[in-house]
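Colleague: Please see the structure below; I have some questions.
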2 protein chains.
Amino acid sequence: MKFVLEYEGTNYHGWQVQPGLITVQGVLEDRLSRLVKEEVKTIVAGRTDAGVHALGQVVNFLTDSHIPLDSWQPAINSVLPEDIRVKEVEEVPLSFNARSSALSRRYRYRILNRDYPSVFERNYSYFYRGEMELDAMREASRCLLGTHNFRSFCASIYERENFIRTVQDITLNREGDIVSLEIEANGFLPHMVRIIVGTLLDIGRGKLAPNEMRDILSAEDRKRAGRTIPARGLYLIEVRY
Amino acid sequence: MKFVLEYEGTNYHGWQVQPGLITVQGVLEDRLSRLVKEEVKTIVAGRTDAGVHALGQVVNFLTDSHIPLDSWQPAINSVLPEDIRVKEVEEVPLSFNARSSALSRRYRYRILNRDYPSVFERNYSYFYRGEMELDAMREASRCLLGTHNFRSFCASIYERENFIRTVQDITLNREGDIVSLEIEANGFLPHMVRIIVGTLLDIGRGKLAPNEMRDILSAEDRKRAGRTIPARGLYLIEVRY
């Protein structure tokens, strides 16, 4: 079975099961297992960090359950907490793997850019007072398109064999006080979107020139890039297969 | 002093101080009193119910504090919880009374009208699957404009001397899956907006004809109107003076 999920990450220690902590995977597998009366293990498209949200997360799992296809969504939603919802249910061939079959993931980062914070946006965007020169940020972001070594934009505490990723699309738009960056790639390194946005903010306020983005990328050194901005503005919005 | 406030009502037992319960007024007066080191009592424009939000609530209070005008907003926001924010601060003459000086209050009710609920809208709108015939609802709502006895749209547990209110504006719009009703009046009775919207939903799904709204209004009988829909979709958005 394949599920498309929406969740608010605010109250979870991220996706992945961790002993003693409440995680989205932990809650989903617990409720699923009780529903089908067998132990269920899920495979996920993107292991989101603590506080990161999802509009279109994808998981798959094996089950012997005879629940009719139409009954899955109401059944699982009735036992899930209200900050996790199954949006779509689909039967998939055994060869389908939410993680390895994915062609691309698309993330959105939302910034509230004005003088004062919003009560209603506090868990759903990053509040940022500084100047945001969108044209400079767009110009800088273009050098990320294509296949590169993204080590400069990977949390340094993670060991990786391979920092090569392909960015297929990157857009930046303002709608009122909300600035949204969207980025689609075949895969993402830990904290990659949050470090990219943190670096683009330095360009947006003139601390760095747009062409310095290319130098940072080719340095393959986390210390050259900007800070990791908070998880609460980040959403996994779509996974393509 | 006059404050314009934004708050999320989800975690509060409404505006008004109640013994043993956490209320917006209780928290605000506690933090204000500690800030100015004297007991502060506030007067509010609209006493919102539990779960009701505000984008433009107004309060006033007396203080001997010598805090400079520019320092008030950062000072009070730094000690308020993150679901309450002061948006504007103004010095006002002693004759100003947030409640009695108000010419009108404007409320918005937000409905998420689609097949499945949204994780991100769960505390900020009312999820409603049913049909919403907006033209019929608009036609029905027009009879509320002007000065009427609104007893049919007042929670029956409240004793009132006077059910006469003047509705100055009422609009209904859809943007994507969100239907918003806005209503402006010189004052509102308890649950008035929520009962009006509950009744309009009966018209929107064809249970009542648009012209029955006038009969319900003139009946001056709470039992004739529709149900009181949940607080979480309701926002006090503006108070005019």
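Colleague: For segment B:51-68, just list the computed ³J(HN,Hα) in residue order, Karplus coefficients 6.51, -1.76 and 1.60, θ = phi - 60°, integers in Hz, with x standing in for Gly and Pro.
Modeller: Those phi angles translate into x, 7, 9, 9, 9, x, 5, 10, 10, 9, 7, 9, 8, 8, 4, 9, 4, x Hz.
Colleague: Further question: Per residue of segment B:177-189, in order, report the coupling 6.51 cos²θ - 1.76 cosθ + 1.60 (Karplus, θ = phi - 60°) as ³J(HN,Hα) in whole Hz, putting x for Gly and Pro.
Modeller: Each residue's phi maps through the Karplus curve to give 8, 9, 9, 10, 9, 10, 9, 10, 8, 5, x, 10, 8 Hz.
Colleague: Take chain A, connect every pair of alpha-carbon atoms lying under 10 Å apart with a spring to form a Gaussian network, then pick out the residue of A:Ile157, A:Ile196, A:Ile76 with the largest mean-square fluctuation.
Modeller: Of A:Ile157, A:Ile196, A:Ile76, the Gaussian network model singles out A:Ile157 as fluctuating most.
Colleague: If you wrap the protein assembly as shown's Cα atoms in a convex hull and average its projection over all directions, what's the area in nm²?
Modeller: Mean projected area for the protein assembly as shown: 27.3 nm², to one decimal.
Colleague: Which order, highest average first, do A:140-152, A:89-101 follow once you tally other Cβ atoms within 10 Å for each residue and take the mean per peptide?
Modeller: Taking the mean over residues of other Cβ atoms within 10 Å, the ranking is A:140-152, A:89-101.
Colleague: Got a sec to turn the phi values of segment B:76-82 into Karplus ³J(HN,Hα) couplings, 6.51 cos²θ - 1.76 cosθ + 1.60 with θ = phi - 60°, whole Hz, x for Gly and Pro?
Modeller: Couplings: 6, 5, 6, 10, 7, x, 6 Hz.
Colleague: Would you please give the residues with an amide H less than 5 Å from that of B:Arg165, counting only those at least 5 places away or on a separate chain, with H modeled from the backbone geometry?
Modeller: Those qualifying (amide H under 5 Å, at least 5 residues apart or on another chain) are B:His148, B:Phe150.
Colleague: Let me know the mean shielding of B:107-120 by other chains, meaning the per-residue number of their Cβ atoms within 10 Å of its Cβ.
Modeller: Mean partner-chain Cβ count within 10 Å for B:107-120: 3.
Colleague: Determine the residues within segment A:73-87 where the difference in accessible area between the chain on its own and the full set of protein chains amounts to at least 50 Å²; count protein heavy atoms only and use a 1.4 Å probe.
Modeller: Buried-area filter returns A:Glu82.
Colleague: Take the alpha carbon atoms of segment A:162-235, find their center, do the same for segment B:1-44, and report the distance between the two centers in whole angstrom.
Modeller: Each part reduced to its Cα centre gives a spacing of 40 Å.
Colleague: Sticking with this one: Say a label goes 7 Å from Cα toward Cβ at B:Arg34 in every copy; what distances in nm does this one have to the rest, shortest first?
Modeller: Spacings between copies for this position, smallest first, are 3.8 nm.
Colleague: Separate question: Using amide H atoms built in the peptide plane, which far-off residues or other-chain residues are under 5 Å from A:Val58 H to H?
Modeller: Residues meeting the criterion, in which the H sits 1.01 Å from N, are A:Leu5, A:Ala45, A:Gly46.
Colleague: Still on this structure, I have one more. Please report, largest first and rounded to whole Å, the three semi-axes of the ellipsoid equivalent to chain A, where each semi-axis is the square root of five times an eigenvalue of the C-alpha gyration tensor.
Modeller: Three semi-axes, in Å: 34, 20, 15.
Colleague: Okay, moving on. Of the listed pairs A:Lys207/B:Lys87; B:Lys2/B:Lys37; A:Lys41/A:Lys87; A:Lys207/B:Lys2, which have alpha-carbon separations greater than 27 Å here?
Modeller: A:Lys207/B:Lys87; A:Lys207/B:Lys2, as the Cα separations exceed 27 Å there.
Colleague: Moving on. Dividing the Cα convex hull volume of segment A:71-204 by residue count, how many Å³ per residue is that?
Modeller: Each residue corresponds to 166 Å³ of Cα convex hull volume.
Colleague: In cubic angstrom, how much convex hull volume per residue do the alpha carbon atoms of segment A:5-104 span?
Modeller: So the per-residue hull volume is 101 Å³.
Colleague: Sorted from shortest, what are the nm distances separating the label point of B:Glu175 from equivalent points in the other copies, each placed 7 Å from Cα along Cα to C-beta?
Modeller: Label-point separations across copies, in nm and ascending: 0.9.
The values are calculated or read from the model by the stated rules, or taken from the named source; none is laboratory data. Owing to the predicted nature of the structure, the values given are computational and were not obtained by experimental measurement. Quick reminder, even Gly has a Cβ in these numbers, built from the backbone with ideal geometry, and neighbours come from all protein chains shown. The protein model used for the area step is the full one, side chains on, heavy atoms only, and it has no ligands, DNA or RNA in it. Shrake-Rupley method; radii C 1.70, N 1.55, O 1.52, S 1.80 Å.
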